Amino acid sequence: MTVTPTDNRPAANASDETAWPADAVEVGRVLDAWGIKGWIRVQAYSTDPQALFASRRWFLKPGDAALGAKAQAVPSLLKILAVRDHGDGIVANVEGISDRNAAEALRGASIHISRAKFPSSDPDEYYWVDLIGLTVLNRQGETLGEVIGLMETGPHSVLRIAPPGLTPPIKPDQERLVPFVAAFVDAVDLEQRVITVDWGLDF
């Protein structure tokens, strides 16, 4: 089983094109300028950042450190002209950003993309965002809890589960951790919002 962060039909009109999507998902952030011609360097939150490559409209929110005029200078929408892998990150060329100073003004901004723009996944692949909030049951029908996040361990992802009766923030030692691999995960039902696993309550 694989976890990763549709089509790109143009919006119907200009207002639709700039409107913040209701299904926006945070997928990365702007690290810094790259070069002198306005390119930006991006950190993706997924090890397989295909959503960033598939969408040509990235929505931005200013970083936590941005205040006042600096925050206002961050546009809510970037139109992406080109994006490519570079070393251990991603670089992108943005319409209207033509020099290093303009690119640096975006530093720290979070990048959001409409979930509808994510590439279609294979039958046995899932995006993290689709798994968070799902109820986890074992083969005995016992509730292990709710998925509150995932983490990468290298070879596979691990479900972070909050046991019933606990609400975030959850201490690390309170979480149940279940490897997201076929050996332990029997089924994922996105429609019913349930994951069935081979995992005991006392594991």
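The values are calculated or read from the model by the stated rules, or taken from the named source; none is laboratory data. These figures come from a predicted structure and were not determined experimentally. With ideal geometry, Cβ positions are generated from the backbone for all residues, glycine too; neighbour counts draw on all protein chains shown.
So the values come out like this:
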| read-out | value |
| --- | --- |
| Number of the condition not met by S157 [criteria: (1) over 20 Å from S121 (Cβ atoms); (2) in contact with a Leu (Cβ under 6 Å, 6 or more places away or on another chain)] | (1) |
| Options L137, L81; residue that is of a type in the set (A, V, I, L, M, F, W, C) and under 18 Å from R57 (Cβ atoms) | L81 |
| Exclusive hit being within 27 Å of A19 (Cβ to Cβ) and not charged (D, E, K, R), set I161, I132, I170 | I132 |
| Count of region 1-31 residues which are modelled with pLDDT of 70 or more, more than 19 Å from the chain's Cα centre (by Cα) and not aliphatic (A, V, I, L, M) | 1 |
